[in-house]
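Asks: First, the structure itself, so that you have it in front of you.
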Amino acid sequence: MSTQKKSRIHRINHTSSTPVRVATGGMLATLVVGGAVAVNAQKNLILNVNGETSHVSAMSGDVKSILASHDVDLKDGDFVSPAANSSVKDKQEITVRTARPVTLTVDGVQKTIQSTALTVKDFLNQVGTINPDDYVSAQGSTKIPESGMKLEVVPLKDITLDDGGQLGDMKVPAVTVKDFLDRRGIKLGADDKVTPELGKKLVSGDKITIERNKTEDQTVKEAVEPTVRYVDDPNSPKGSETVVKPGKAGEREVTYTVKSRNGQEVQRWEKASKILSEATEKVISRGTKAAVASTKSSSASAPAVAGGSVWDSIAQCESGGKWNTSTGNGFSGGLQFTDQTWQAFGGGAYAPTAAGATREQQIAVANKVQAAQGWGAWPACTSKLGIR
């Protein structure tokens, strides 16, 4: 430093001139006070923007200007605390939540809401009409991006399902019938019918009915009955039959197309068949010998039967106990024989029809019929009398 400059500083510092000392002191005081004011104007703040915090310093100004100085621009719908036009204190926190569009669909009805919520859970709490059991398309902890998001809410509904006759009550969050079936994992066949239609919007208490229609082929094996050939036998009483050759049933494979509704068959038709084994013919000898007419029946060949027998009870039921009755409807005698049965079991030896035979003769023939066919030959009366 030069001697001349040192002399000037020395003179300023050590001069006895009062004006100079006052001026110098005043300038120093101004510097000190100004520095103190600057220090007091700067504040340390906590900035919380959408959940992310940072520590910043700012000079005096309102919240909006402080945010702007840190590249945070407020838009309509944004949340800020304290208010944008408020002043702040040192170490105060400024909270900002920017509004974002949430496209909310509730039970099929869509609307867009500007929300400052950071998560789906916060958003639903803001909406305030969602029940805990409702279906929500995103987890509650899912963060809502600033660009927005789509969110679906489906209320739980009480639905009665009739699936092919099987009834059940259930709670399902579904908008339409199709939505209900999809959420329950219920598949429909090509011919199944659903009521109401798939696009019908559901309300709690609705009933859905599924008619299960099925058409399928079934292949089975069936017996083929033998054909019957009759040959006349002039030596046997007319109406009698004797199996000469029993024959044998064959077998065939048949494919049926079967239509069912709710598990019950409603229709079937033959689609195809093939013979597996041929049936062999059955031969029956049929008597053609006419009975010898008799004007008087012989009771000598028929054993006597005491009155009040079971046959008397049956005759009372069948014909009112009239052993010689002939109704003209193909039945005759007290036990109501057909002419064919009467002849087949030897009744022709007594009379052409049962009405012409005695009580004992009719009972003799009846015993043969009962031995061959059982009491079922007189089904109604033997059942009524408790005989069988």
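Asks: Counting only DSSP beta bridges with both residues in the chain, what percent are antiparallel, rounded to the nearest 5? Working shown, then result.
Replies: Working: 64 of 84 bridges.
Around 75 percent of the beta bridges assigned by DSSP in the chain are antiparallel ones.
Asks: When the chain is treated as a GNM, springs tying every alpha-carbon pair under 10 Å, which of Gly148, Gly321, Gly77 comes out with the largest mean-square fluctuation?
Replies: Gly321
Asks: Then there is this: Whole number please: convex hull volume per residue of the Cα set in segment 215-287, in Å³? If you can, show how the numbers build up before the last one.
Replies: Values: hull volume 8.0 nm³, N = 73.
Residue-normalised Cα hull volume stands at 110 Å³.
Asks: For segment 295-366 and segment 228-287, what is the centre-to-centre distance using only Cα atoms, to the nearest Å?
Replies: So the two Cα centres are separated by 35 Å.
Asks: What is the spin-label model distance, in nm, from Lys384 to Val224 if the labels are put 7 Å beyond Cα along the C-beta direction?
Replies: About 4.7 nm separates the two model spin labels.
Asks: Set the Förster radius R0 to 56 Å, insert the Cβ-Cβ distance between Asp90 and Thr142 as r into 1/(1 + (r/R0)^6), and round the FRET efficiency to 0.05.
Replies: Working: r = 37 Å, r/R0 = 0.66.
Once rounded, the FRET efficiency stands at 0.90.
Asks: Give, in whole angstrom and from largest to smallest, the semi-axes √(5λ) of the equivalent ellipsoid of segment 299-384, with λ running over the eigenvalues of the Cα gyration tensor.
Replies: Details: eigenvalues 54, 42, 35 Å².
After scaling each eigenvalue by five and taking roots: 16, 14, 13 Å.
Asks: What percent of all Cα-Cα pairs in segment 43-97 falls into each 10 Å bin, going from 0 up to the bin containing the maximum distance?
Replies: 26, 66, 9
Asks: Using a simple charge model, +1 on the beta-carbon of Lys and Arg, -1 on the beta-carbon of Asp and Glu, nothing else, what dipole does segment 77-207 show about its Cα centre, in debye to the nearest 20?
Replies: Details: 18 positive and 19 negative charges, 76 e Å.
Dipole of segment 77-207, to the nearest 20 debye: 360 debye.
Asks: Under a point-charge model restricted to the Cβ atoms of Lys and Arg (+1) and Asp and Glu (-1), what is the dipole moment magnitude of the chain relative to its Cα centre, in debye to the nearest 20? Working shown, then result.
Replies: Numbers: 48 positive and 42 negative charges, 285 e Å.
Dipole magnitude for the chain comes out near 1360 debye.
Asks: Work out, in µm²/s and without decimals, the Stokes-Einstein translational diffusion coefficient of segment 101-254 at 20 °C, 1.002 mPa s, Rh from Kirkwood over C-alpha pairs.
Replies: 100 µm²/s
Asks: Tally Lys/Arg at +1 and Asp/Glu at -1 over every other residue whose Cβ is under 15 Å from the Cβ of Gly108; what's the total?
Replies: Working: positive: Lys111, Lys150, Lys157, Lys178, Arg183, Lys200, Lys201; negative: Asp107, Asp134, Glu152, Asp179, Asp182, Asp206.
Residues near Gly108 contribute +1 overall.
Asks: Relative contact order of the chain: what whole-number percent is it, with Cα pairs under 8 angstrom and at least 6 residues apart?
Replies: 8 percent
Asks: Place the peptides 194-204, 328-338 in order of packing, highest mean first, counting for every residue the other Cβ atoms within 10 Å and averaging per peptide.
Replies: Values: 194-204: 13.6, 328-338: 19.9.
By packing density, highest mean first, the sequence is 328-338, 194-204.
Asks: Follow-up question, since we're still on this one. Ser277 to Gln264: extension gain in nm, 0.36 nm per residue of separation minus the Cα-Cα distance?
Replies: Numbers: separation 13, 0.36 × 13 = 4.68 nm, distance 3.19 nm.
Full-extension gain reported as 1.5 nm.
Asks: Under a Cβ-Cβ cut-off of 13 Å, what is the net charge of the residues other than Ile210 that fall near it, where Lys and Arg count +1 and Asp and Glu count -1? Let's see the in-between values first.
Replies: On the way: positive: Lys178, Arg184, Lys187, Lys193, Lys207, Arg212, Lys214, Arg261; negative: Asp162, Asp163, Asp191, Asp192, Glu197, Glu211.
Surrounding charge for Ile210 is +2.
Asks: Another question about this same structure. Quick one: what do you get for the chain if you divide its Cα Rg by 2.2 N^0.38 Å?
Replies: Numbers: Rg = 56.6 Å, N = 388, 2.2 N^0.38 = 21.2 Å.
The reported ratio for this selection is 2.67.
Asks: Kindly work out what percent of the DSSP beta bridges joining two residues of segment 100-154 are antiparallel, to the nearest 5. Could the numbers behind the result be given before it?
Replies: On the way: 10 of 15 bridges.
Percentage antiparallel, nearest 5: 65.
Asks: Could you tell me which residue out of Ser319, Val194, Ser383 lies farthest along the dipole of the chain toward its positive end? Charges go on the beta carbon: Lys and Arg +1, Asp and Glu -1, centred on the Cα centre.
Replies: Val194
Asks: I would also like to ask the following. For segment 273-385, with only Lys/Arg (+1) and Asp/Glu (-1) charged at the beta-carbon, what is the dipole magnitude about the Cα centre, in debye rounded to 20? Working shown, then result.
Replies: Values: 9 positive and 6 negative charges, 20 e Å.
That gives a dipole near 100 debye.
Asks: Please express the Cα-Cα pair-distance distribution P(r) of segment 100-154 as a list of whole percents, one per 5 Å bin, running from 0 to the bin with the greatest distance.
Replies: So the P(r) values, bin by bin, are 5, 21, 37, 27, 9, 1.
Asks: Stokes-Einstein diffusion coefficient for segment 156-211 at 20 °C in a medium of 1.002 mPa s, Rh from the Kirkwood formula over Cα pairs: what value in µm²/s?
Replies: On the way: Rh = 11.1 Å.
Roughly 194 µm²/s, to the nearest whole number.
All of the numbers you see were taken from the coordinates with simple rules; none came from a lab. For clarity, every value in this text was computed on a predicted model and none was experimentally measured. Every residue, glycine among them, receives a Cβ derived from its backbone with ideal geometry; neighbour counts consider all protein chains shown.
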